[in-house]
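Visitor: This structure is in structure tokens; I'll ask about it shortly.
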Amino acid sequence: MNPESNKTLRFLAGNQEFQVNEEEIIRLEGKKNYTFVYTENQAFLSSKTLKTYEMQLSSSEFIRTHKSHLINKSFVRKTYFYAGTGTVELQNGDKVDVSRRRVSEVKKLLSPHRLKI
């Protein structure tokens with residue numbers, strides 16, 4: 001097993017602290033200097049930037065699809081590419097945009113033979 005895959009992140013929600021393994025994270029969405037972190041059962045708001053998480057999480061499992069989105073490729077259900085842009089549909093039903101700048105990289109990283117369905 002890859003040593004990077006055992007990372008645990010900590011989040012505060014109210015007065016409770018939660019520990020989340022990176023494998024449980026479906027996606028992250030950046031909003032200015034904050035990041036929403038989505039798991040199957042919960043969402044957390046963090047005061048860290050998306051770039052901070054991008055550097056912290058496993059680069060082999062997480063893909064930056066857009067300036068405001070970072071996804072866990074283990075949760076990808078479908079991809080749609082059209083007119084130089086695209087969308088990734090995740091297993092929880094969320095749809096995440098793929099920017100024009102990142103289309104070729106995302107296509108390569110999520111080619112059908114690499115998807116786990």
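Visitor: Sort out which residues of the range 13-47 are without any contact (Cβ under 8 Å) to a residue 12 or more places away in the chain and over 19 Å from Asn92 (Cα atoms), and write them in order of number.
Guide: Correct list: Gly14, Asn15, Gln16, Glu17, Gln19, Lys32.
Visitor: Would you mention how many residues in the range 9-40 are exposed (fewer than 11 other Cβ atoms within 10 Å of the Cβ) and either modelled with pLDDT of 95 or more or touching a helix residue (DSSP H, G or I) at 6+ places or on another chain (Cβ under 8 Å) (or both)?
Guide: Counting residues in the range 9-40 that are exposed (fewer than 11 other Cβ atoms within 10 Å of the Cβ) and either modelled with pLDDT of 95 or more or touching a helix residue (DSSP H, G or I) at 6+ places or on another chain (Cβ under 8 Å) (or both) gives 1.
Visitor: Here is a follow-up. Give me the pairs, please: first residue somewhere in the range 93-108 and surrounded by 13 or more Cβ atoms within 10 Å (Cβ to Cβ), second residue anywhere and in a helix (DSSP H, G or I) and of a type in the set (Lys, Arg), beta-carbon distance under 9 Å, and either six or more positions apart or on two chains.
Guide: Val98/Lys107
Visitor: Report, by residue number, each residue of the range 65-92 that is crowded, with 21+ Cβ neighbours inside 10 Å, under 12 Å from the mean Cα position of the chain (by Cα) and more than 19 Å from Asn21 (Cα to Cα). Working first, answer last.
Guide: Within the range 65-92, the first condition is being crowded, with 21+ Cβ neighbours inside 10 Å, and the residues that meet it are 65-66, 70-72, 75-76, 86, 88.
From what is left, the residues that are under 12 Å from the mean Cα position of the chain (by Cα) are 65-66, 70-72, 75-76, 88.
Thr65, His66, Val88, listed by residue number.
Visitor: Which residue is nearest to Lys73 (Cα to Cα), if the candidates are limited to the range 25-61 and must be among the hydrophobic types (A, V, I, L, M, F, W, C) and over 13 Å from the mean Cα position of the chain (by Cα)?
Guide: Quick first cut of the range 25-61, residues among the hydrophobic types (A, V, I, L, M, F, W, C) only: 25-26, 28, 36-37, 43-45, 50, 55, 57.
Applying the additional criterion that residues be over 13 Å from the mean Cα position of the chain (by Cα) yields 44-45.
Values: Phe44: 19, Leu45: 21 Å.
My answer is Phe44.
Conditions tested, residue by residue: (1) of a type in the set (Phe, Trp, Tyr); (2) part of a loop (DSSP other than H, G, I, E, B).
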position: Gly30; (1), (2): no, no
position: Val37; (1), (2): no, no
position: Asn41; (1), (2): no, yes
position: Tyr53; (1), (2): yes, no
position: Ile63; (1), (2): no, no
position: Leu70; (1), (2): no, no
position: Asn92; (1), (2): no, yes
position: Lys108; (1), (2): no, no
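Visitor: Here is a further query. In this structure, is Phe62 touching a Leu at 6+ places or on another chain (Cβ under 8 Å) and within 14 Å of Leu110 (Cβ to Cβ)? Don't jump to the end; show me each part of the working.
Guide: Numbers: touching a Leu at 6+ places or on another chain (Cβ under 8 Å): yes; within 14 Å of Leu110 (Cβ to Cβ): yes.
It is true that Phe62 is touching a Leu at 6+ places or on another chain (Cβ under 8 Å) and within 14 Å of Leu110 (Cβ to Cβ).
The values are calculated or read from the model by the stated rules, or taken from the named source; none is laboratory data. As the structure is a computational prediction, the values presented were derived from the model and not from experiment. Note that each Cβ is placed from the backbone with ideal geometry, even for glycine, and that neighbours are counted across all protein chains shown.
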